[in-house]
1. Only one of (1) in a strand (DSSP E or B); (2) modelled with pLDDT under 95; (3) not charged (D, E, K, R) is not met by TYR45, so which one is it?
2. Considering only region 84-103, state which residues are closer than 27 Å to SER51 by Cβ and not in a loop (DSSP other than H, G, I, E, B).
3. Restricting to region 104-127, count the residues that are farther than 19 Å from ILE54 by Cβ, of a type outside the set (Ser, Thr, Tyr) and surrounded by 13 or more Cβ atoms within 10 Å (Cβ to Cβ).
4. Condition first: more than 11 Å from ASP84 (Cβ to Cβ) and surrounded by fewer than 18 Cβ atoms within 10 Å (Cβ to Cβ). Now tell me which residues in region 128-144 satisfy that.
5. Quick one: TRP57 ticks every box in (1) of a type outside the set (Asp, Glu); (2) in a loop (DSSP other than H, G, I, E, B); (3) open to solvent by 70 Å² or more (accessible area, probe 1.4 Å) except a single one, so which number is it?
6. I'm told ILE54 meets every condition in (1) in contact with a strand residue (DSSP E or B) (Cβ under 9 Å, 6 or more places away or on another chain); (2) modelled with pLDDT under 95 except one. Can you identify the failing condition by its number?
7. Since ARG148 meets every condition but one in (1) assigned to a loop (DSSP other than H, G, I, E, B); (2) farther than 22 Å from GLY47 by Cβ, which condition does it not meet?
Amino acid sequence: MKLNRKLAATLLASAGLAATLTPLTASPASAAGMHGCSYPRVCVYSGSYSSGSIIGWFQDTYYQNMPPAIQNDPDAVVNTRDDDSVWLIDTGASPDAYICIPKNRAVNLGSYRHPGGTSWANRVDTIKIWGDPDNGLCSGANDVRQGRIPDGWRP
């Protein structure tokens, strides 16, 4: 039996229960962009995210090879997604290497050391945005993390 809010509030009050009815709706996701990158995109940049140029953007939650014209070119990344982390992958490494970018984060890739010894700048050719049920964290932390992916993982 469905009760409208006014009737439900009256019944609760008359039963001696002080209650305030609050709508059970989720708050909308914030739709904020950063550094010229619109929500809900992940943008890669030539140069730093603060002064460089966007060379590509992604928003689909599957493994995507970057277009050949920008493979191994990104120097920075901006993840505007509110609850999804992102892996930037170097498939030229053996085994493949990844750097995980948490939700709502801007990163200059040159600030992070690649497992191969150099920085992550100009080492990214594939991207994976982790959609639902991702919490936007990297290995449970709101920090940039990196690792290796065992051979044979590629879809």
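The values are calculated or read from the model by the stated rules, or taken from the named source; none is laboratory data. Source: prediction; values computed, not measured. Heads up, the Cβs are rebuilt from the backbone with ideal geometry, glycines too, and the neighbour counts pull from every protein chain shown. Accessible surface is based on the protein model in full, side chains and every heavy atom, while ligands, DNA and RNA are left aside. Shrake-Rupley method; radii C 1.70, N 1.55, O 1.52, S 1.80 Å.
1. (2)
2. Scanning region 84-103 gives VAL86, TRP87, LEU88, ILE89, ASP90, ALA97, TYR98, ILE99, CYS100, ILE101.
3. The number of residues fulfilling the criteria is 3.
4. Answer for region 128-144, where residues must be more than 11 Å from ASP84 (Cβ to Cβ) and surrounded by fewer than 18 Cβ atoms within 10 Å (Cβ to Cβ): SER139, GLY140, ALA141, ASN142, ASP143.
5. Every condition holds for TRP57 apart from (2).
6. All conditions are met except number (2).
7. The failed condition is (1).
So that you can scan it fast, the table gives a plain yes or no per residue for (1) at pLDDT below 95; (2) assigned to a strand (DSSP E or B):
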| position | (1), (2) |
| --- | --- |
| ALA106 | no, yes |
| GLY110 | no, no |
| GLY117 | yes, no |
| ASP134 | yes, no |
| GLY152 | yes, no |
| PRO155 | yes, no |
